[in-house]
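S.K.: Got a structure for you, questions after.
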Amino acid sequence: GTKGKEKEQNRPSTTFKDVAGLDEVIEELQDIVDYMNNTQKYRAMGAKFPKGIIFYGPPGTGKTLLASAMAGETRAAFYPVSGSEFVEKYVGVGASRIRALFQKARKTAPSVIFIDEIDAVGSRRNVDNNSEKDQTLNQLLVEMDGFNSNDEAVIVIGATNRLDLLDEALLRPGRFDRHIFIGHPNLRAREEILRVHTKNKPLEPDVDLKELAMKTFGMTGAHLASIANEAAILAVRRGKKRIGCDEFNEAIERVIAGIEKKNAYVI
Ligand code: ATP
């Protein structure tokens, strides 16, 4: 999510090292990072670059984290927003917020704009093309077309759980034309994510991250981060010097119970 965005605002210190288990995705982003870091070089060669990327896939898998790492890797200003912030009752308000956001990002370029839940503004337009949401989406299209990626190093990253909901106009070449799927982490990825989130935590020597990865099938990075944190809190409460297997097992059970409770509400 966009939680903690105040802290992240402007130039984040997050890098690709903080993002675990997404090596292939990071590889796919390297050319854009290189472009952002060497805009002049590319400009002199007359090369154009993508302006927009869509990260799609289940929640909690690191989309926001990855976008902030993109900004960190390129020393870019970071503007995390949620699509729902632009959906307003009064016609024109969302559109003018979009305009202001892009204006600010251009001024501080290089910049990374991150629009979480982009489907809130970017789902298919109505036929009349007149609602507040449609005006907001139209303004987003105007902004995407209006800036030349050769003039300003501004990259717009949209995130959604459902790529199929987005208006085709948004996905056209020159707009959000690169689509990257970010799915659930596999066994190795879960181990790597656990490693990142226990890096600064004292662990008992018998804590085996691979084993924990096996016990957390189907969980996302957000779940794993929360397990590592819960386990640390339990260890403090128990007056321990290090986090042990018991704390991890209990933390896993708590997270599983949380997932089951959430699913129960959905049904
Ligand atoms: P949402 O769709 O709900 O916005 P998201 O895909 O943007 O979810 P993040 O907000 O990036 O997910 O993930 C939440 C937190 O989970 C991150 O701040 C990080 O602590 C942890 N996390 C998620 N994925 C990873 C990962 N691949 N490596 C390390 N940490 C991760």
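S.K.: Could you check the range 179-207 and list, in sequence order, the residues that are under 18 Å from I26 (Cα atoms) and near the ligand (Cβ under 9 Å from one of its atoms)?
M.R.: Matches in the range 179-207: I182, P185, A189, E192, I193, V196.
S.K.: Just the residues that are within 15 Å of the ligand (Cβ to nearest atom) and either of a type outside the set (S, T, Y) or surrounded by fewer than 19 Cβ atoms within 10 Å (Cβ to Cβ) (or both), please, taken from the range 52-64.
M.R.: Matches in the range 52-64: I53, I54, F55, G57, P58, P59, G60, G62, K63.
S.K.: In the range 210-267, how many are more than 15 Å from the ligand (Cβ to nearest atom) and open to solvent by less than 80 Å² (accessible area, probe 1.4 Å)?
M.R.: Residues meeting the conditions: 15.
S.K.: Just for the range 21-51: of the residues that are among the polar types (S, T, N, Q) and either outside any helix (DSSP H, G or I) or surrounded by 13 or more Cβ atoms within 10 Å (Cβ to Cβ) (or both), which one is modelled with the lowest pLDDT? Even if it seems obvious, please write down each step before you answer.
M.R.: If we filter the range 21-51 for residues that are among the polar types (S, T, N, Q), which is where we start, we get 30, 37-40.
Next, from what is left, pick out any that are either outside any helix (DSSP H, G or I) or surrounded by 13 or more Cβ atoms within 10 Å (Cβ to Cβ) (or both): 37-39.
On the way: N37: 91, N38: 90, T39: 86.
Looking at residues that are among the polar types (S, T, N, Q) and either outside any helix (DSSP H, G or I) or surrounded by 13 or more Cβ atoms within 10 Å (Cβ to Cβ) (or both), I get T39.
S.K.: In the range 65-114, which residues are away from the ligand (no atom under 16 Å from the Cβ), within 20 Å of T39 (Cα to Cα), assigned to a helix (DSSP H, G or I) and open to solvent by 10 Å² or more (accessible area, probe 1.4 Å)?
M.R.: Q103, K104, R106, K107 - these are the residues of the range 65-114 that are away from the ligand (no atom under 16 Å from the Cβ), within 20 Å of T39 (Cα to Cα), assigned to a helix (DSSP H, G or I) and open to solvent by 10 Å² or more (accessible area, probe 1.4 Å).
S.K.: On to the next question. Within the range 154-169, is there a residue that is under 21 Å from F86 (Cβ atoms), part of a loop (DSSP other than H, G, I, E, B) and open to solvent by less than 70 Å² (accessible area, probe 1.4 Å)?
M.R.: yes
S.K.: E192 fails exactly one of the following numbered conditions: (1) surrounded by 14 or more Cβ atoms within 10 Å (Cβ to Cβ); (2) touching a helix residue (DSSP H, G or I) at 6+ places or on another chain (Cβ under 7 Å). What is the number of that condition?
M.R.: (2)
S.K.: Is it the case that the range 11-20 has a residue that's at pLDDT 90 or above, of a type in the set (S, T, Y) and either away from the ligand (no atom under 16 Å from the Cβ) or over 28 Å from H184 (Cα atoms) (or both)?
M.R.: Within the range 11-20 (the criterion being at pLDDT 90 or above, of a type in the set (S, T, Y) and either away from the ligand (no atom under 16 Å from the Cβ) or over 28 Å from H184 (Cα atoms) (or both)), the answer is no, since none of the residues qualifies.
S.K.: Is it the case, given these coordinates, that R124 is at pLDDT 90 or above, more than 16 Å from the ligand (Cβ to nearest atom) and open to solvent by 20 Å² or more (accessible area, probe 1.4 Å)?
M.R.: Working: at pLDDT 90 or above: no; more than 16 Å from the ligand (Cβ to nearest atom): yes; open to solvent by 20 Å² or more (accessible area, probe 1.4 Å): yes.
The answer is no for R124.
S.K.: Also: Can you tell me which residues in the range 170-221 are part of a loop (DSSP other than H, G, I, E, B) and of a type in the set (S, T, Y)?
M.R.: T216, T220
S.K.: Sticking with this structure for a sec: Could you tell me whether the range 171-180 includes any residue that is touching a Gly at 6+ places or on another chain (Cβ under 8 Å), more than 21 Å from T74 (Cβ to Cβ) and of a type in the set (A, V, I, L, M, F, W, C)? It would help to see each step written out before you state the result.
M.R.: Step one: filter the range 171-180 for residues touching a Gly at 6+ places or on another chain (Cβ under 8 Å), giving 175-178.
With more than 21 Å from T74 (Cβ to Cβ) added as a condition, the list becomes none.
Looking for residues that are touching a Gly at 6+ places or on another chain (Cβ under 8 Å), more than 21 Å from T74 (Cβ to Cβ) and of a type in the set (A, V, I, L, M, F, W, C), one finds none in the range 171-180, hence no.
The values are calculated or read from the model by the stated rules, or taken from the named source; none is laboratory data. Bear in mind the structure is a predicted one, so any value in this text is a computation, not a measurement. Note: ideal-geometry Cβ built from the backbone for every residue, glycine included; neighbour counts use all protein chains shown. Surface areas here come from the heavy atoms of the whole protein model, side chains and all, with no ligands, DNA or RNA. Shrake-Rupley method; radii C 1.70, N 1.55, O 1.52, S 1.80 Å.
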